[in-house]
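One structure is given below, encoded as structure tokens.
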Amino acid sequence: MLDRQLGVRVLFTVARELISIILPVYNEAENLAVLLPALGETLDTLGLNYEIVVVDDGSTDETASTLRRMTNLQLRVVCLRRNSGQTAALMAGIRFARGEVLISMDGDLQNDPGDIAQLLAKLNEGFDVVSGWRMNRRDAPIRRNLLSRVANRLISLVSGVHLHDYGCSLKAYRRSALEGVQLYGEMHRFIPIYAYWNGARVTEVPVNHRPRRHGVSKYGLERIPKVILDLLVVVFLHRFGQRPMYVFGSVGLVSIGIGVVAGGAALYYKFLGNKSFIETPLPLLFVMAMITGAMCFLMGLLAELLVRTYYESQKKTTYTISTINAAEEPASPELELPDTAARGQ
């Protein structure tokens with residue numbers, strides 16, 4: 001009864017909006033043959049206006065031919081020339097999707113299409129991003145689940161966005177929450193962080209997780225250092241992307257401070273400790289630290305020039321606008337904003 005009420009609620013609130021289901025897939029022919037009909041049936045039952053965008057990430061199996069046979073579904077198929085990774089495939093799906101509401105999910109049958117209703121219900125409550133939480137995850141306990149929990153806690157601690165499961169591909173977004181978001185490397189799991197930092201309301205809901213039926217996982221232990229390095233990039237770009245001198249200048253000040261201490265100690269030992277400069281490594285440390293400090297300051301200045309060139313050459317602003325409540329009287333010419341600024345571009 002509760003599920004039916006939930007479905008009716010979704011029907012009356014989002015049926016007018018186009019819902020884009022984005023499926024990045026790589027060698028998932030057997031799974032797609034089962035998933036796509038089930039997904040279409042679920043969406044039809046909810047009475048949604050939808051499209052299914054499948055991004056074939058350079059598959060080498062029968063994925064392409066399987067998709068060609070699905071003529072009875074509202075499919076849009078985007079084929080990449082080579083395997084570019086899940087992040088690139090997801091970005092391609094977002095680019096070619098036409099809906100104002102975007103739902104991403106895996107093509108390996110581990111995500112349950114029946115959870116789409118509760119994701120949309122959360123969006124209707126005013127949230128901009130709804131992330132799935134695989135409470136009962138059906139993966140390897142140590143190699144996948146334990147490491148994932150550790151990674152999720154680390155990401156939550158560093159980013160300040162507390163989610164239990166960043167790795168769950170089943171997520172729902174309002175397109176407006178993704179404006180200006182560009183993803184590289186393996187950063188698809190950080191979309192809720194980008195959206196939150198852009199002012200979006202983010203939440204999560206428990207979702208079903210099913211064991212994999214066919215094929216093998218495309219992720220292994222090698223993803224751990226990638227996640228850590230990508231997290232460092234994300235945090236750096238958010239906190240210092242517009243003021244890189246704060247990073248380089250701070251490192252430069254510390255380095256120069258070390259140089260001053262080393263130089264002072266070298267002079268002390270020279271004149272009061274009866275030790276020549278060549279008897280201690282302090283003079284070498286002084287020179288290296290001072291050079292490093294000077295280089296950091298120069299790199300900071302160069303980074304500041306690059307940031308200003310990036311924004312000003314593309315007429316980008318360092319802020320985003322939610323809404324503008326214009327007065328009835330026209331603004332004076334001196335206060336009138338250019339079109340690009342008004343759009344927050």
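The values are calculated or read from the model by the stated rules, or taken from the named source; none is laboratory data. This is a predicted model, so every value here is computed, not measured. All Cβ positions, even for glycine, are placed from backbone atoms using ideal geometry, and neighbour counts span all protein chains on display. When the accessible area is computed, the model is the full protein with side chains, heavy atoms only, and any ligands, DNA or RNA have been set aside. Shrake-Rupley method; radii C 1.70, N 1.55, O 1.52, S 1.80 Å.
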Ordering Val261, Val234 from largest to smallest accessible area (1.4 angstrom probe), what's the sequence?
Val261, Val234
So, R0 is 30 Å and r is the distance between the beta-carbons of Met135 and Asn198; what FRET efficiency does that work out to, to 0.05?
0.60
A correct Karplus calculation of ³J(HN,Hα) over the stretch 310-317, with 6.51 cos²θ - 1.76 cosθ + 1.60, θ = phi - 60°, whole Hz and x for Gly and Pro, returns 4, 6, 6, 5, 9, 6, 7, 9
Expressed in square angstrom to the nearest 10, the accessible area of His164 with a 1.4 Å probe stands at 100 Å²
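Please grab the % of Cα pairs in the stretch 232-325 that end up more than 23 Å from each other.
Values: 2068 of 4371 pairs.
So the portion of pairs separated by more than 23 Å is 47 percent.
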Could you calculate the contour length gain from Asp112 to Met295, that is, 0.36 nm times the residue separation minus the distance between their Cα atoms, to one decimal place in nm?
60.6 nm
Residue-ordered couplings for the stretch 157-170, obtained by feeding phi - 60° into the Karplus form 6.51 cos²θ - 1.76 cosθ + 1.60 and rounding to whole Hz (Gly and Pro as x), are 5, 6, 7, x, 9, 8, 10, 7, 8, 6, x, 5, 6, 6
Inter-label distance for Tyr319 and Ser250, nm, one decimal - labels placed 7 Å from Cα along Cα-to-Cβ:
2.5 nm
If I stretch the segment between Glu62 and Leu154 completely, what's the gain in nm (0.36 nm per residue apart, minus their alpha carbon distance), one decimal?
29.3 nm
Could you please state, rounded to a whole Å, how far the C-alpha centre of the stretch 146-218 is from the C-alpha centre of the stretch 284-301?
39 Å
So, R0 is 41 Å and r is the distance between the beta-carbons of Asn274 and Arg243; what FRET efficiency does that work out to, to 0.05?
0.30
So what does the Cα-only Debye profile of the stretch 157-197 read at q = 0.16, 0.20, 0.23, 0.33 Å⁻¹, as log10 I(q)/I(0), no solvent term?
-0.40, -0.64, -0.85, -1.42
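Could you report the stretch 24-126's accessible area per residue, 1.4 Å probe, as an integer in Å²?
Working: 4250 Å² over 103 residues.
Value returned for the stretch 24-126: 41 Å² of accessible area per residue.
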Once fully extended, how much extra length lies between Leu284 and Val233, figured as 0.36 nm per residue of separation less the alpha-carbon to alpha-carbon distance?
15.1 nm
First measure r as the distance between the Cβ atoms of Val260 and Arg210, then evaluate 1/(1 + (r/R0)^6) with R0 = 51 Å and state the FRET efficiency to the nearest 0.05.
0.25
Can you pull the accessible area of Phe271 for me, 1.4 Å probe, Å² to the nearest 10?
150 Å²
Under 5 Å between amide hydrogens, which residues at least 5 positions from Ile22 or on another chain qualify, with H placed 1.01 Å from N in the peptide plane?
Val53, Ile103, Ser104, Met105
Amide hydrogen neighbours beyond the local backbone of Val78, cut-off 5 Å, H modeled
Val54, Val55, Asp56
Amide proton proximity set for Asp112, modelled H, under 5 Å, gap of 5+
Asn208
